[in-house]
Each structure stands twice: as structure tokens, then as C-alpha cells.
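Right, one structure below, let's go through it.
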Amino acid sequence: MEVKLNIKRFDPELPSDNEWWQEYSIQINSNTTILDALIKIRDEIDGTLALRCACRASICGSCGMRVNGRARLVCKTRVESILKNNEPLNIEPLGNHSIIRDLVVSLDSFFSKIDQVTPYIVPDSEPETGEFIASNESMENLLTSMNCIMCGVCVSDCTVLEVDNKFIGPAALAKAWRFVEDPRDGKKEERLRYLNDQDGGIWDCTRCMQCVEVCPKGVAPMDRIMEMRESAIESGNKSTSGYKHTESFYNSVKKHGRLDETRLAVDSAGITNIPRLLDLAPIGMKALLKGKLPPLIPHKAEDKEKIKDIYKKVEEKKQ
Amino acid sequence: MKYAFFPGCVAKGGAPELYDSAKIVMERLNIEVVELTRASCTGAGVLQEKDQKMGDILNIRTLAMAEEMGLTMLVICSTCQGVISQANHRVLKDSKYLDEINEVLRDEGLKYNGTTKVKHLLWAIIEDIGLEELKKTFVSELKGLELAPFYGCYMVRPSDALEFNQYPNRENSLELLIESTGATVTKYSGTTACCGFPILFINQENSLKMVSNHTGNAKDSGANAIVTPCPLCHLNLDGYQPKARRKNRKDKADMPIIHVPQLIGLAMGISKKELGLQKHIVSTKDVVKKIEEITL
Ligand code: SF4
Ligand code: SF4
């Protein structure tokens, strides 16, 4: 059957109008992947189309692109599987990367972020036997993150990177987790402290789940970030407003069975943080005038005592 | 139709107009509800940062209560939907984990067997009532109105926990609703984006950039309003829009943010006052006027 591919082109050598959309029609069958289709266009219709690929089997991580607004590995996606009413597919380079030409992006910033998290084991001492022995179980636990093929697909669709390029980002944070959890590493505490305190560290993620949804390898970077938040708190990193936010939430539900929105705002800003509190005030005042300020006395779930019992039981078990 | 109703904290706190408008619309649609007053907050994914299992216990407890009543659980918040669906998804995948949680719930005489369904009002209308039935309650088509959908992360991701495979309409439920009113769906970059609320108190600068981008983009794409099934998105996109737009676009907050039941109510011809449209931070006057011109 015939399909149309609408491809975002970019040629840095043109003096002006160097960005445009170009439509191509080609014949495909039900097994044709988007990568097959792109290669066919390059080979048979337009030799100037630039794209990057190597293994064609979702191992090398070279062919990440945005298709209809969502990042994917194009070698892992059949054209038919996302075709709707035979409308043309829109194909663009990955987001949040600088573009070299057409569908080829620069990976410089991707790898500089990986470098930022010290992506290698830093042992505390020399191994006694000439090598460090790690148990099977401890390594199996790391598999999720070790499956990462550095394709940049998660980085492309990360909502925070879209507004702030200081954010370390999903791929590098998932990599950081892998070393935080590795039993052979001797710098777990330092790593957690860095990731906790750093501008663009673990607390800057909005939990939007884009990276979990788009990652072709099941790395689920956000889940790794959440595990590091838990670990950072357990290691005593309690200075961030992110920590205060989750702590306040946890305690609000513990006490009232429900969320106390006023308390949450005050606790997250920190009761002594006058500028931040003032910053929150205007919206509070406006909301009050409109009759919708969160009640100062929080609502109570009828069974709040039962909820307290649950907390007690779970907290006792933890100790 | 009868449901176990879980309104969530925000509809009973910071966004009372959501609770009120949902109640009115549900009554018009003959949706009977029993409110789960003994349920706790879902944790909204925030409590889960400190202790995911605690969050799962609280949500499985609520699911067990609905199961005991033999009812599908009805929510009116994307975040409630997502957080409960994720907890449900985790225990359904791992029976040992479910046993551990049931062990904690035993003291209260509760046990979850894994049968409860959780549906946002938006999904319940599409899946259980049907858009054709809904349309019969509308007074006229909202032709000429342009509405930009804003789902909220938890209503669209992760798609496996939300069972998109089993219910393919969920992926475009909001577009389907907007089309059913006769309005046009605005195509813009915000539809499935993050509103920034989770980092509002942590990195306000980034959060406000998101608010400004999405509301500004909706405006540039010709929308008369944004429609959302999530009160937390509403809180950020509405409440912080003036500050966000001033700071990042040097313009005024002019993009009204409408809750899903408010849109349905307007199409049913219910008054703006009953729907609480005067309670928003960003004025809804212009869009309501436009709708009144169409419906009168
Ligand atoms: S969950 Fe966090 S890391 Fe993942 S895409 Fe969203 S903001 Fe980025
Ligand atoms: S985490 Fe997943 S999406 Fe991100 S770079 Fe690694 S394999 Fe690609």
C-alpha cells in the first residue's frame, strides 16, 4: 500500500529558509518499519535525506526520532502500527537535542550529562582477591538500568528538559541510580548527596512519566529517580523543598487521612522562608476572595484512626 | 448506573467548583453515587516518593471498600485515576505483594481480591453511558467554539496501567467529549504535556514556564478555553497563569481553564453560577458569553 511520510528537513548550509517539511510517498507492506521506509526514501527518491542508523534491531540506539509528536526507535516501529486513516506520518528529529542535519541530532549534551553522574564504579578499597565479586541478585536488580542503549528517546520527550537544560535528565539519572545501587561502589552517600543538592538533580523531575512511556528498553527512568528520592531521604538528605513537600504530604495523610493543602504549601516553602511564603501569598489571597481557598482545618476522612493504625503498623515493620 | 464515588481532596478543597459541577452533571445523567467517605487521600504520587508501599496500601484499602460494595469506583481527577490505577496494576501483577498488603488491611476486616474497576467520569460517560446518550442532554451544539484538551499526565501515562489496549477510546477521550459538544478541538502542543504542578513548590521557575508555554500556545492556536479532567492541572494552569504569563510572555492571563463537568454542564444549558465558573482565577466571562450566544 502507499503511505505518505512528512519529514522535517534541516540544512545548516543553506543561507536562509533552512528548515522545511517535505512529503514523500512510498509503497510499504505490513512488515515495513519506519526505518525501512526512511532508507527506501533515501535510496530511491532523495539521496540528500540525512538519518542515522546501524543495527536495525533496537540494540544500537542510533535511530531515535519523533513520530507524530512522540519519540521512538524507528527500527522498532512498523509503519502500519501507528497509521491512522492513512494520514501522513510526521517525522522529526529527537526533541531536546541540537540538530546537525535533517533527522540527525548531536549527542554531545546527552553524553555530557552522562559524564556528570560519574558513570563508573568508584570502589573504596582494593579488592582482596584481585576482583570484586558481586552476587547475582544484586546485579539482576540493576538490569533495568543496564538495559539502556543510550538512544536519547527519553531525553527527547522529557518535559523538564524542554524548559530547563540544566536538568540532568532521565537517561543520566537512570545511569546514576545504577551506580548508587551497585554493591561494589564505595561512594553511594556522596552520589546521593550530589544528586539531591545539585541544581537539576533528582527533585527537579515533575513525575510526568514521559520517559517511562517512551523508553524502548523498559528502563523506566522516573521509577529509578523515585527510588533515589527514597534513598536520599533515608540517607538523611533533608534540606530540599522536595523533601519537605513529600514529608508534609505523608504526615498530612497520616494525621487527617487527607491532604492539607495549606500546610503543604507552608511546609514545602519552609515556615521560616519568608520570601517564598510571600511569593505564595498573592494566589492565596486571590483564591480566598474567590471563595476557594483550601480550608484551614483540613477535611478528615471518617476513618482517620484506621489510617493512623496502618501507618503505625507499616512504620513499626520498617524499624 | 451506580458507582462508588471518590471525589479526591482537591475537589473538596482547592477546587470546590469541580465537586459541585460534577454532582449536578451526574444527577442530570442519572448517575447514582455512594461517596466513599471512609477513604483516604491517594497520596497523589507525592507520598509515594517517601514510601510507595504506604501509598499502595492506602489505595488498595479504598479499592477493597468499593469491591465490598460491588461497584465500579468513579473519580473526577486525573491524578486520582492514575495513582489508583498504578497501585491496582502493581498488585494485579504480583499476588505476593497483594497478600502483604491484605495482611495490613486484615485488622480492619478488609481484603482486596483485585476486581474493582476505576473510572474517571470522562471515561465512565464514554464507556458506560455513551456519547450519544450524553448528547441527548445537550441544549444545542457549541459550533464555532474552539477548545484545547489538557489531559494531565496521570490520565495518559503509563498507558499499560490505564489499560489503553483494552479501552482504545481512552487515548482520545477528551477530544471525543469536546467533539460531542459540537465544539472544535484545538491542535496544540499541550494536549498530553505536564502542567508543572508537581514541582510548583520545588522549582517554581520551571513550573511557571510550563504554565506559560501551554496556555500561551493554546491561545496562539486559537483556543477559546482549555478543558481539563484534572483539578491539579487546573490549580496550576488557572491559579498561576497570571504570574506565569507576566513573567515568561510579558502578557496577560487570558486562557480560561474549564473542568470537564463544567463543559458538559454548559452544553446542558446549566447556569455559569451553578457550575462555579465565577470561582476561577482567570476570568471565564468571554468564553461563557460566547457559549451563551450559541446556546440561547
Ligand atoms: S518523569 Fe521526570 S525525568 Fe521522566 S520525562 Fe518526566 S520530568 Fe523527565
Ligand atoms: S533510558 Fe531508555 S529511552 Fe532513555 S536513553 Fe536509555 S534506552 Fe533510550
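The values are calculated or read from the model by the stated rules, or taken from the named source; none is laboratory data. What you see is a predicted model, and the numbers here were worked out from it, not measured in a lab. Here Cβ is always computed from backbone atoms with ideal geometry, including for glycine, and neighbour counts include all displayed protein chains.
In this structure, residue A:78 qualifies as away from ligand 1 (no atom under 16 Å from the Cβ), out of contact with any Leu (no Cβ under 9 Å at 6 or more places or on another chain) and either under 23 Å from residue A:213 (Cβ atoms) or outside the structural domain of residue A:219 (by TED's automatic domain parsing) (or both).
Entry remark, segment B:23-55: residues being surrounded by 24 or more Cβ atoms within 10 Å (Cβ to Cβ), within 11 Å of chain A (Cβ to nearest Cβ) and either without any contact (Cβ under 8 Å) to a residue 24 or more places away in the chain or part of a helix (DSSP H, G or I) (or both) number 5 in total.
The strands (runs of 3 or more DSSP E) falling completely within segment B:66-158 that include 1 or more residues that are assigned by TED's automatic domain parsing to the domain that holds residue B:220 and farther than 24 Å from residue B:44 by Cβ map to B:146-149.
Selection of segment A:145-165 for residues being part of a loop (DSSP other than H, G, I, E, B) and either more than 12 Å from ligand 2 (Cβ to nearest atom) or touching an Asp or Glu at 6+ places or on another chain (Cβ under 6 Å) (or both) yields A:164, A:165. Looking across segment A:180-230, the residues that are in a loop (DSSP other than H, G, I, E, B), within 14 Å of chain B (Cβ to nearest Cβ) and more than 15 Å from ligand 2 (Cβ to nearest atom) come down to A:198, A:199, A:200, A:201, A:206, A:207. Looking across A:145, A:106, A:156, one residue alone is in contact with a strand residue (DSSP E or B) (Cβ under 7 Å, 6 or more places away or on another chain), within 14 Å of ligand 1 (Cβ to nearest atom) and of a type in the set (Ser, Thr, Tyr). It is A:156.
Does segment B:8-22 contain any residue that is among the basic types (Lys, Arg), assigned by TED's automatic domain parsing to the domain that holds residue B:117 and either outside any loop (DSSP other than H, G, I, E, B) or surrounded by 24 or more Cβ atoms within 10 Å (Cβ to Cβ) (or both)? Walk me through how you get there before you give the answer.
Just the residues of segment B:8-22 that are among the basic types (Lys, Arg), to begin with: B:12.
Subset that is assigned by TED's automatic domain parsing to the domain that holds residue B:117: B:12.
Of the ones still in play, those that are also either outside any loop (DSSP other than H, G, I, E, B) or surrounded by 24 or more Cβ atoms within 10 Å (Cβ to Cβ) (or both) are none.
Looking through segment B:8-22, none of the residues is among the basic types (Lys, Arg), assigned by TED's automatic domain parsing to the domain that holds residue B:117 and either outside any loop (DSSP other than H, G, I, E, B) or surrounded by 24 or more Cβ atoms within 10 Å (Cβ to Cβ) (or both).
Annotation note: of B:148, B:161, the sole residue that is in contact with a His (Cβ under 7 Å, 6 or more places away or on another chain), surrounded by 16 or more Cβ atoms within 10 Å (Cβ to Cβ) and either touching a residue at least 60 places away in the same chain (Cβ under 8 Å) or under 23 Å from residue B:116 (Cβ atoms) (or both) is B:161. Of the numbered criteria (1) of a type outside the set (D, E, K, R); (2) away from every other protein chain (no Cβ under 11 Å); (3) assigned to a helix (DSSP H, G or I); (4) touching a Pro at 6+ places or on another chain (Cβ under 9 Å), the one residue B:275 fails is (3). Which of the following residues is within 20 Å of residue B:277 (Cβ to Cβ), facing chain A (nearest Cβ under 9 Å) and buried (at least 20 other Cβ atoms within 10 Å of the Cβ): B:239, B:196? Sole residue among the options that is within 20 Å of residue B:277 (Cβ to Cβ), facing chain A (nearest Cβ under 9 Å) and buried (at least 20 other Cβ atoms within 10 Å of the Cβ): B:239. Residue count for segment A:193-245, restricted to those that are within 15 Å of ligand 1 (Cβ to nearest atom) and among the hydroxyl-bearing types (Ser, Thr, Tyr): 1. Checked against the criterion of being assigned by TED's automatic domain parsing to the domain that holds residue B:147, in a helix (DSSP H, G or I) and in contact with an Asp or Glu (Cβ under 6 Å, 6 or more places away or on another chain), segment B:258-268 has no qualifying residue. When we screen A:118, A:129 for residues that are more than 13 Å from the chain's Cα centre (by Cα), of a type in the set (Ser, Thr, Tyr), more than 16 Å from ligand 1 (Cβ to nearest atom) and within 26 Å of residue B:202 (Cβ to Cβ), the only hit is A:118. Of all the listed residues (B:225, B:244, B:193), the sole one being under 19 Å from the mean Cα position of the chain (by Cα) and either free of Cβ contacts under 8 Å to residues at least 40 places away in the same chain or under 30 Å from residue B:136 (Cβ atoms) (or both) is B:225.
Residues being near ligand 1 (Cβ under 8 Å from one of its atoms), within 12 Å of chain B (Cβ to nearest Cβ) and closer than 19 Å to residue B:156 by Cβ: count how many of those fall in segment A:159-179. Let's see the steps before the verdict.
Of the residues in segment A:159-179, the ones near ligand 1 (Cβ under 8 Å from one of its atoms) are A:159-161, A:167, A:169-170, A:173.
Narrowing further to those that are within 12 Å of chain B (Cβ to nearest Cβ): A:159-161, A:167.
Still in the running and closer than 19 Å to residue B:156 by Cβ: A:159-161.
Going through segment A:159-179 one residue at a time, the tally reaches 3.
Scanning segment A:150-200 for residues that are more than 29 Å from residue B:189 (Cβ to Cβ) and of a type in the set (S, T, N, Q) turns up just one, A:196. Of all the criteria given as (1) more than 14 Å from chain B (Cβ to nearest Cβ); (2) more than 16 Å from ligand 1 (Cβ to nearest atom); (3) surrounded by 19 or more Cβ atoms within 10 Å (Cβ to Cβ); (4) not hydrophobic (A, V, I, L, M, F, W, C), the one not satisfied by residue A:97 is (2).
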